[in-house]
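The values are calculated or read from the model by the stated rules, or taken from the named source; none is laboratory data. If you're wondering where the values come from, they're calculated on a predicted model, not measured in any experiment. We place every Cβ from the backbone using ideal geometry, glycine too, and count neighbours over all the protein chains shown.
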Amino acid sequence: MPVFRTIEGFTVNTASFGNGERTIVGVGGWIGNWELWQQPFEILSRSYRTVAYDHPGAGETVVPHEALTFDQQVDTLVDLLDDFDIDRCVLAGESNGGTTAIAAASRQPERFEALVLVDSPISDFDNEPTRQFVDALRADHEGAMRAFVDFCIPEAGAEHLKRWLLRILMRPDVETAVALLEAMSDVDLRPILPEIGIPTLVVMGELDALPNNGVAVAEETVGLLPDAQLHVVDGAGHVPTLTRPGEVAGAVEAFLAQT
């Protein structure tokens, strides 16, 4: 059940399910809270201990805007592991949460037995479409978010999931959303990827069309990592943890059976 913990001086909303011998820790992307991992973890918690949390700026983890830096995201993740007494785990990140996961793995590789990166960009965060999106957010917050949700979930018959994602994304205020986007502007993980020898599963929605993402980025990520494999979710957009949780969980289980 969800529990608030004090981590890095912030009140962090967390959730933990299952009691398996191996632990999977999930990180949401941008302003996406722990619910982005809720459905896959419902399946995975039958065999694993699963832990997820609202990272700084997401969901119920409200922090000052000046604390919304990329380094703070990594610091909070590492300290969360300490708070849960997790010495070693599988680290799973969705979207920008995967970017955070890579940075954490580079910092403390001994703590991670495997990585799972779901639709996670690695560079080129400062681009013209994102700058236009920031302007749109400030001009019409809800309208821009509705358009973003439609862009992220192109799958048919997913109106209930679009409503869920919109409610998740509308929790933080607009300046928090903008601050978290701008915090990524100079992040480029390509130079450190060849140094990360941790077994990695890269999951990518076939139809992900975010400006610095997509199957080509996933293939680049796999090519740069020494020990990585790619799973493409056919017909899925940017958030297969919401739209295709069974396939994501199945891919993770099959991957972890090899490690």
inquiry  = Based on this model, can you work out whether D85 counts as free of Cβ contacts under 8 Å to residues at least 24 places away in the same chain, surrounded by fewer than 17 Cβ atoms within 10 Å (Cβ to Cβ) and under 16 Å from the mean Cα position of the chain (by Cα)?
reply    = no
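Take region 88-108 and flag every residue that is surrounded by fewer than 18 Cβ atoms within 10 Å (Cβ to Cβ) and touching an Asp or Glu at 6+ places or on another chain (Cβ under 8 Å).
Within region 88-108, R88, S106 qualify.
Collect the residues in region 147-158 that are without any contact (Cβ under 8 Å) to a residue 60 or more places away in the chain, under 21 Å from G214 (Cα atoms) and out of contact with any Lys or Arg (no Cβ under 8 Å at 6 or more places or on another chain), keeping them in residue-number order.
Scanning region 147-158 gives A147, F148, A156.
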request  = Being touching a strand residue (DSSP E or B) at 6+ places or on another chain (Cβ under 6 Å) and among the basic types (K, R) is the filter; apply it to region 1-51 and report the residue that is nearest to C152 (Cα to Cα).
outcome  = R49
key: Positions within region 52-82 being surrounded by 16 or more Cβ atoms within 10 Å (Cβ to Cβ), part of a helix (DSSP H, G or I) and of a type in the set (D, E, K, R), in sequence order   = D75, D79
query = Under the condition of being surrounded by 22 or more Cβ atoms within 10 Å (Cβ to Cβ) and either more than 18 Å from the chain's Cα centre (by Cα) or without any contact (Cβ under 8 Å) to a residue 24 or more places away in the chain (or both), which residue from region 1-51 is farthest from H65 (Cα to Cα)?
reply = Y48
request  = Working only within region 209-259, note down all residues that are within 22 Å of V187 (Cβ to Cβ) and either modelled with pLDDT under 95 or outside any helix (DSSP H, G or I) (or both).
outcome  = A209, L210, P211, N212, N213, G214, L225, P226, A228, L230, H238, V239
